[in-house]
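Every number here is computed from the coordinates shown, using simple stated rules; none is lab data. Just so it is clear, the model here is predicted, and its values are computed rather than measured. Cβ placement follows ideal geometry from the backbone for every residue including glycine, while neighbour counts extend to all protein chains displayed.
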Amino acid sequence: MEGVTEPCFRDLLLARNRPEALGGTFTEFVRVVDSPLPRRLLREHLGERALRPRAEREGPRAPVGVQLMGSDVGALAETARRAIEVGAPLVDLNFGCPAKGALRGCAGSALLREPAKLESIVRACVAAVSPAPLTGKIRAGYDDDSRLEDLARAVEAGGAAMLTIHCRTRAEAYCDEVDWTRIARAVNSVSIPVCGNGGVATHADLVRMRRETGCAFAMVGRAALGDPWIFEGLRVDAAEAARFLLEYADVLVLSGGASTRGAAARVKQLLVHWTAGDLLGGDRDGWLREGDPARLFERLRSHAGVDAATPERVTDR
Ligand SMILES: Cc1cc2nc3c(=O)[nH]c(=O)nc-3n(C[C@H](O)[C@H](O)[C@H](O)COP(=O)(O)O)c2cc1C
């Protein structure tokens, strides 16, 4: 998810959920305009850990695919090829982003109005990454869901290995109401595996979405920002939840990805959605109003039970 699921956060999630529970993740979308992106940038999005051979990592981890968004077929296809070259196990194409910037560039959900163009983009990228798999993510439609089946079939006809469908339309943005029958409609219109997305708030919803719609996989968006254990369905206490957030801040600073202030801002981005361990205890606004990073980390440490015996952390300074 753009601006949130950078490599440090993704890595912590992958470490807490077995691959059997969390089958895979994607980078945030990487915007491709009119020329192929440099390999360095793709490596940065993948993160150092995702690129290390599986055997070298502590324990098995699910794959991290690169997600691309754009409308220039040639630039997308070459960028997709480079993503595989630098070590991505798969590439996903974003046809769902509703942001004005994406629409202006005729990318993201703008392509939901042009199933034929969408299909040609998928086809070119499939050819570029073969034999690695390419997947595509759509919304249920642009203004309404009347072309849902056409869009699902366009992704399949282009040769994608999996279709992800976010069940809201572009017009519905991130509204509270979701209609999972749209996911079932996608499942019934293609023969490739379908990953359902939209409105999963709990681990039970993950199970229910698959049962009710027949989708092979279920994707979690915002709820994973508030509960990193959602895929396993583990219920952690407030101390464990606070330790996760402190570790996230530490990793961000130690990896050079953020200053202490920047790390506090990132933690607060998660606190907007946070549910795990009932850490916020009904005082979300109070947590979010905390402007001093030192006080925010102190409040987290008081819940985490971090004491003098704990090795020094960046967030102790
Ligand atoms: C801040 C934010 C950033 C997002 N960035 C991306 C992105 O980079 N790629 C993508 O496919 N979807 C992105 N999404 C959409 C989510 O992946 C997901 O489709 C959407 O939030 C619906 O799922 P949910 O109801 O479980 O949150 C983003 C959503 C939010 C709120």
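Points to keep in mind about this one:
- Electrostatic dipole magnitude of the chain [Cβ: Lys, Arg +1; Asp, Glu -1; Cα centre; debye, to 20]: 540 debye
- As a proxy for reagent exposure, ranking Ile121, Ile165, Ile192 by other Cβ atoms within 10 Å from fewest up yields Ile192, Ile121, Ile165.
- The stretch between Glu149 and Glu298, if pulled fully straight at 0.36 nm per residue, gains 48.5 nm over its current Cα-Cα span.
- Listed by chain and number, the lysines whose alpha-carbon sits under 23 Å from that of Lys137, ignoring those within fewer than 8 places in the same chain, are Lys100, Lys117.
- Shape descriptor for the chain: Rg over Rh equals 0.98 (Cα atoms; Rh from the Kirkwood inverse mean 1/r).
- Two-decimal Rg to Rh for region 238-316 - Kirkwood Rh, Cα set: 0.93
- Amide H to amide H distances under 5 Å link Thr27 with Gly65, Val66, Gln67, where only residues 5 or more positions off or on other chains count and H is placed in the peptide plane.
- Rounded to whole Hz, the Karplus (6.51, -1.76, 1.60) HN-Hα couplings of region 174-191, x for glycine and proline: 10, 4, 5, 6, 10, 10, 6, 4, 5, 5, 4, 5, 5, 4, 6, 9, 9, 10
- Kirkwood hydrodynamic radius of region 153-287, Cα pairs, Å: 16.8 Å
- When only Cα pairs below 8 angstrom with a gap of at least 6 residues are kept, region 48-176 shows a relative contact order of 23 percent.
- The slack between Leu41 and Ala216, meaning 0.36 nm per residue of separation minus the straight C-alpha distance, is 59.8 nm.
- Kirkwood Rh (inverse of mean 1/r, distinct Cα pairs), region 6-50, angstrom: 11.9 Å
- Region 105-195: translational diffusion in µm²/s, Stokes-Einstein, Kirkwood Rh over Cα pairs, 4 °C, 1.567 mPa s: 100 µm²/s
- The calculated FRET efficiency for the pair Glu177 and Arg261, based on their C-beta separation and a Förster distance of 30 Å, comes to about 0.20.
- Among Leu118, Leu134, the ranking by other beta carbons within 10 Å of each residue's beta carbon, starting with the fewest, stands as Leu118, Leu134.
- Quarter of Cα convex hull surface for region 58-217, i.e. mean projection, nm²: 9.8 nm²
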